[in-house]
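Down below is the structure, laid out as structure tokens.
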Amino acid sequence: MFNTQIEATARALVARGKGILAADESTGTIEKRFKSVGVACTEENRRAYRELLFTTPGLGEFISGVILFDETIRKKAADGTRFVEVLHRQGIIPGIKVDKGAKVLAGFAGEKITEGLDGLRERLAEYRELGARFTKWRAVITVGAAIPTDPCLRANAHALARFAALSQEAGLVPIVEPEVLMDGDHAIQRHGEVTQRTLRIVFDALAEHRVRLEAMLLKPNMVLAGQECPQQAGVSDVADATLRCMKRTVPAAVPGLVFLSGGQSEVRATEHLNAMNQCGAVPWELSFSFGRALQAPVLSAWAGLPANAAGAQKQLLLRACSNSAARLARYSNSREALQT
Ligand code: 13P
């Protein structure tokens with residue numbers, strides 16, 4: 001009964017010139033981010049920071065959706081307006097991270113499996129009631145000499161497919177995120193091979209579980225050299241390697257790819273997105289669902305002080321606007337300098 005509606009939501013999330021703000025850090029992750037700028041991880045600081053993000057004037061011009069965390073979807077702005085309503089007023093679609101994190105995969109040293117399927121049907125019904133219209137589940141794939149193993153890839157793909165099928169059943173658009181980490185010293189070719197193998201196994205599992213490709217989005221990593229690799233790839237090499245990998249593995253029925261930033265610097269992530277959009281016709285929208293690459297400068301500018309809120313919002317708008325330009329293949333580095 002939800003078919004038409006969720007397909008329309010999937011397309012709205014990758015509307016021209018717009019992308020997604022991932023603000024779904026778990027309490028542990030946001031604690032790390034706060035610590036880096038000397039902010040205490042209290043419930044009120046987490047609420048105040050999310051309020052700052054969501055009330056940024058004009059954000060809806062560049063941002064189609066925001067991914068929330070369980071705690072955040074239940075919270076309100078200082079004036080008593082529910083965050084979900086704050087986002088609606090900006091024309092932004094609220095979404096929710098529904099996995100329960102990546103845990104050690106028993107028997108497979110160095111590999112992880114994402115948990116959270118038990119009770120998911122009931123949690124999804126509640127999130128829909130609370131106003132969510134899309135969901136996200138992240139699998140974490142680590143690159144090493146002998147990993148990832150096929151059992152790790154298959155276990156994670158199975159969980160992603162079950163999550164996606166349950167989300168569609170609940171009338172929610174699943175964002176399927178199999179992240180191949182950029183940690184390590186691997187060359188870009190190895191990252192490409194692992195990403196390709198991962199996506200093949202993920203799309204096989206999605207087909208087996210009858211997930212409707214038109215009513216989902218893929219959140220892939222870009223194909224990069226490992227962070228510790230002495231040979232870093234250039235912007236056009238990353239764009240070429242990423243698109244080659246996606247063309248080989250992602251069916252054209254998927255409406256959009258919303259890339260994660262994965263620890264790249266914010267400007268680099270934007271440059272890569274722009275370069276991909278300059279490469280010409282592909283069957284999907286090439287967009288973003290960035291966490292760190294949208295928020296890092298915002299957190300630094302805020303540093304927990306209410307007096308810094310307006311300046312921090314300016315940083316968010318700048319990143320959102322730059323990534324919007326990259327969606328349209330119109331980003332240029334020099335525009336940033338003009339606006340800061
Ligand atoms: P990053 O862009 O910081 O990688 O975060 C995106 C995200 O949602 C990870 O699950």
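Taken together, the values in this text are just the output of simple stated rules run on the coordinates, not laboratory data. Quick caveat, the model's predicted, so the values are computed rather than measured. When we count neighbours, we look across all protein chains shown, and the Cβ atoms used for this are built from the backbone with ideal geometry, even at glycine.
Structural remarks
- Ranking of Ile96, Ile201, Ile113 by count of other Cβ atoms within 10 Å, fewest first: Ile113, Ile201, Ile96
- On the beta carbon distance between Glu214 and Arg121, with R0 = 22 Å, the FRET formula returns roughly 0.50.
- Only helices enter the 222 nm calculation for the chain: every DSSP H run of n ≥ 4 contributes -39,500 (n - 2.57), and dividing by all residues gives -14500 deg cm²/dmol, rounded to 500.
- Sorted fewest first by neighbouring Cβ atoms within 10 angstrom, Met222, Met182 come out as Met182, Met222.
- Distance between segment 286-340 and segment 117-176 - C-alpha centres, whole angstrom: 28 Å
- Phe290 long-range amide H proximity, modeled H, under 5 Å: Ile20, Ala22
- Shape of the chain from the C-alpha gyration tensor: rounded (a/c under 1.5, with a ≥ b ≥ c the square roots of its eigenvalues).
- Peptides 302-314, 283-295 ranked from most to least packed give 283-295, 302-314, packing being the mean of other C-beta atoms within 10 angstrom over each peptide's residues.
- Whichever lysines have a C-alpha closer than 22 Å to that of Lys103, once near sequence neighbours (fewer than 8 apart) are set aside: Lys32, Lys112, Lys136, Lys219
- Judged by the mean number of other Cβ atoms found within 10 Å, the most tightly packed of the peptides 259-269, 35-45 leads the ranking 259-269, 35-45.
- Under 18 Å from Lys75, Cα to Cα: lysines that are on another chain or at least 8 residues apart: Lys97
- Note on segment 1-35 and segment 195-233: Cα centroid distance 17 Å, given to the nearest whole angstrom.
- When the square roots of the Cα gyration tensor eigenvalues are ordered a ≥ b ≥ c, the ratio a/c for segment 1-108 is 1.5 or more and a/b does not exceed b/c, which makes its shape oblate.
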